[in-house]
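**Q** Right, I'll just put the structure down here and ask away after.
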Amino acid sequence: MEQRHLGRTGLRVSRLGLGTLTWGRDTGERDAADLLKAFWEAGGTLVDTADVYSDGSSEYLLGRLIEDLVPRSDLVIATKAGSVPDPDRRFDGSRGHLLAALDASLQRLGTDYVDLWQVHAFDPTTPLDETLQALDIAVTSGRARYVGVSNFCGWQLAKAATWQRAVPGRTPLASTQMEYSLLQRGVEREVLPAALDLGVGLLPSSPLGRGVLTGKYRHSTPPDSRGGSQDMAPFVAPYLDEAARRIVDALAIAADGLAASPLQVALAWLRDRPGVAAPIVGPRTAQQLTAALSVETLSLPDEICQALDDVSAPLHRYPDHDWSSL
């Protein structure tokens, strides 16, 4: 699998990442082992997790598999900290919480360091410089090699990345992780321009529109899908409206013309967008992972990319519209 630099850093990652959101909950050890081994054998390196995924079980399971199945040195392990299971405070970006969470993550993962450590979300109750100081400490202490953020809007990302580059010795942000797909192009408004300007690599989550871009919801909701699950149906529902249907129909037409699947075309479109380092897929089965890995050999013709751009284009007006002619 092709490797790419993550933002304006020396860290190289596979151009497709493996997500572990369901590991330890819906994905057991045997299935997780099959997924990780197949991903590694295909040349995949970037494996993404978080301290809150399955209440820590995702990290613990990944740590067991690193020890027994795949060499630690062959993987780029990315994890996150900052989310808290507290209804009164969803995020905690304080220095104390973040560093304690990192230590707990390292213990579960069974490793001395993570390759990429990310703040899971912006905490408006903690000064941003305190949050960013935790990232510097993590790197200088050797507990993290590179750092990034997740779910930061445009001004938050720009402020954080600029702060880190303002003084020599601070650790530049390597990445930002955000939802991005043909069904969700909101990052193109401010986040992606900021990332491109400041040398921050984008790691898209939910690159298949929460599964809708596979085309499996075109005619009905499969009972074994996330959309058919009582717990996950609300997560999928926003992408089952008429606007999404038009995009999926156009995607299916493009896929038919290329003798490919909608999944392959949707992933290839996103993978090759400016600023994207590695879409992170979260397959539940080996079959789903195989389908995602097959995208490695697919490149979309320019006219297909343009058609998909047009049909999925988000509505951006002021201040994004070009007012120079007024």
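Each reported figure results from applying straightforward, stated rules to the coordinates on display, with no laboratory input. Note that the coordinates shown come from a computational prediction; the quantities given were computed from them, not determined experimentally. Backbone-built Cβ (ideal geometry, glycine too); neighbour counts: all protein chains shown.
**Q** Figure the gain on full extension for Q107 and S294 (residue separation times 0.36 nm, minus the Cα-Cα span) and round it to one decimal in nm.
**A** Here the answer is 63.9 nm.
**Q** May I pose another question? Taking neighbour counts of Cβ atoms within 10 Å as a proxy for exposure, in what order, fewest first, do I253, I247 appear?
**A** Exposure proxy ranking, most exposed first: I253, I247.
**Q** D74 to A252: FRET efficiency via 1/(1 + (r/R0)^6), r the Cβ-Cβ distance, R0 25 Å, to the nearest 0.05?
**A** Calculated transfer efficiency: 0.10.
**Q** What number, in percent, do you get for the relative contact order of the chain if the mean sequence gap of Cα pairs under 8 Å and at least 6 apart is divided by its residue count?
**A** 18 percent
**Q** Which FRET efficiency value, to the nearest 0.05, do you get for S141 and T162 by plugging their Cβ-Cβ distance into 1/(1 + (r/R0)^6) with R0 = 25 Å?
**A** 0.55
**Q** Normalised by the number of residues in the range 80-159, what is the relative contact order in percent for Cα pairs under 8 Å and 6+ residues apart?
**A** In percent, rounded to a whole number, it is 34.
**Q** Among (i) 32, 24, 18; (ii) 30, 25, 19; (iii) 30, 22, 20, which is the computed semi-axes √(5λ) of the Cα gyration tensor in Å?
**A** So the structure-derived entry is (ii).
**Q** Based only on other Cβ atoms within 10 Å, what is the fewest-to-most ordering of T171, T162?
**A** T162, T171
**Q** Going by how many other Cβ atoms sit within 10 Å of their own, how do R210, R25 line up, fewest first?
**A** If I rank by nearby Cβ atoms, fewest first, I get R25, R210.
**Q** Loop-only check: which trypsin sites (Lys or Arg not before Pro) in the range 75-175 are DSSP coil with at most 11 other Cβ within 10 angstrom?
**A** Taking the range 75-175 and a limit of 11 other Cβ atoms within 10 Å, the loop trypsin sites (Lys or Arg not before Pro) found are R89.
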